[in-house]
Amino acid sequence: MEACPVSNGGLSGFKRRASTSGLLGCRCVCRPLSGPKAVVCVLRDDMILTDTHTHLYDTQFDADREQVMRRAREAGVELFLSPAIDRDSYEAMFAFTRRYEGCYAMMGLHPTSVNDNPHWKEDLEEVARYLQQPPEGIRFVGLGEVGLDFYWSRESVSEQIEALRIQIEWALQYDLPVVLHTREAWDEMCDLLESYRGRGLRGILHSFSGTEAHYRRMKRLGGFLFGIGGPVTYKKSAVAALLSGMDLSELVLETDSPYLPPVPYRGQRNESAYVSLVCRRVAELKGVDPDAVAEQTTHNAVTLFSLSEPGSR
Ligand SMILES: [Zn+2]
């Protein structure tokens, strides 16, 4: 057995097993994680992490998906929520969800798939058909990811808003939480969501990167959790600065794999095991034990998506 990396200054490459007392410290046993990449995870064995936003069905994982899943489970991740993108990847998402325990699919049309897409209305009809009749073995636990993304261009602003409003109505109709993608559009997103006040809309503001004013507006509106991912580990992270004023009961953890990797994996492919690094950073910023972060954020996700315990579906 090699030395404890945590007490040795926190080198990556090991999963720390809990000491019998369950206390943090160096009374622990460490073992290397399998595979080329490694993660420090400081969770008790009975703690479960939930990656509420991961695209592990993406072709970028085709070559080594089994190892990616193994590393995730070794890091304590047992629940995986997969937001949909568009028709090019729905089938891959279904296959992934059927194949692995603890994995759940959503349905929706991503805002960047509305941009420059003359067929976006037909694509939405397909979303409607899937919602009405989910494919064999699939239960959609959310409507997503949908939203507003004006980063690439503002030419499709009205189409994106229309597509989002149509899909929000479906979320209400099917009583599903919405997973909202927002980029360069926080003012517009807050305005739009406030227009649903009192209708019971609920969901996640994925990769929250709004200002304190946006946070306050959404908190006042109610019903929404804030998705915290890799960017919270970056040096100039706006959400890291806000975290001390946010309550754990308002947060869920996510990776957005294969995108938005946390430190020290910036520039590389992200994967669900790294949600443990997000957990650790949130714990540091809030001055609490990582176990408390894992426990509360998993509870938040399980409640929002009406998930069953890991091991069942
Ligand atoms: Zn995503």
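Simple spin-label estimate for residue 195 and residue 308 gives 3.9 nm between the two label positions (7 Å along the Cα-to-Cβ direction from each Cα). For GluC sites (Glu not before Pro), the sites in the range 110-151 that DSSP calls loop and that have at most 11 other Cβ atoms within 10 Å are 136. Multiplying the residue separation of residue 98 and residue 153 by 0.36 nm and subtracting their alpha-carbon distance yields 16.2 nm.
Take peptides 287-300, 66-79 and line them up by average Cβ neighbours within 10 Å, highest first, as a rough protection proxy. Mind dumping the intermediate values first?
Working: 287-300: 19.4, 66-79: 21.0.
Listed from highest to lowest mean packing, they are 66-79, 287-300.
For the range 227-313, the set of chymotrypsin sites (Phe, Trp or Tyr not before Pro) satisfying both a DSSP loop assignment and a count of at most 16 other C-beta atoms within 10 Å is given as 234, 259. For the range 153-164, backbone phi angles converted through the Karplus equation (6.51, -1.76, 1.60; θ = phi - 60°) give residue-by-residue couplings of 6, 9, 6, 10, 4, 5, 5, 4, 5, 5, 4, 5 Hz, Gly and Pro being listed as x. Available extension along the chain between residue 46 and residue 221 is 59.6 nm, counting 0.36 nm per residue and deducting the alpha carbon span. Distances between placed amide hydrogens fall under 5 Å for residue 77 paired with 49, all partners being 5 or more residues away or on another chain.
Relative contact order of the range 89-220: what whole-number percent is it, with Cα pairs under 8 angstrom and at least 6 residues apart? Spell out each step's value before the answer.
Details: 171 pairs, mean separation 30.3, N = 132.
Reported as a whole number, the value is 23 percent.
Of the residues 131, 230, 245, the one whose Cα sits farthest toward the positive end of the charge dipole of the range 43-305, with +1 on the Cβ of Lys and Arg and -1 on the Cβ of Asp and Glu, is 245.
Would you work out the charge dipole size for the range 141-296 about its Cα centre, treating the Cβ of every Lys and Arg as +1 and the Cβ of every Asp and Glu as -1, and quote it to the nearest 20 debye? Each step should come with its number before you reach the end.
Working: 17 positive and 22 negative charges, 83 e Å.
Taking the Cα centre of the range 141-296 as origin, the dipole is about 400 debye.
In order along the range 255-261, phi translates into HN-Hα couplings of 10, 6, 3, x, 9, 6, x Hz, rounded to whole numbers, per the Karplus curve 6.51 cos²θ - 1.76 cosθ + 1.60 with θ = phi - 60° and x for Gly and Pro.
Since every read-out is calculated from the coordinates, none of them should be taken as a lab result. It should be emphasised that the depicted structure is a prediction, and the values quoted were computed from it without experimental measurement. Virtual Cβ from ideal backbone geometry, glycine too; neighbours counted across all protein chains shown.
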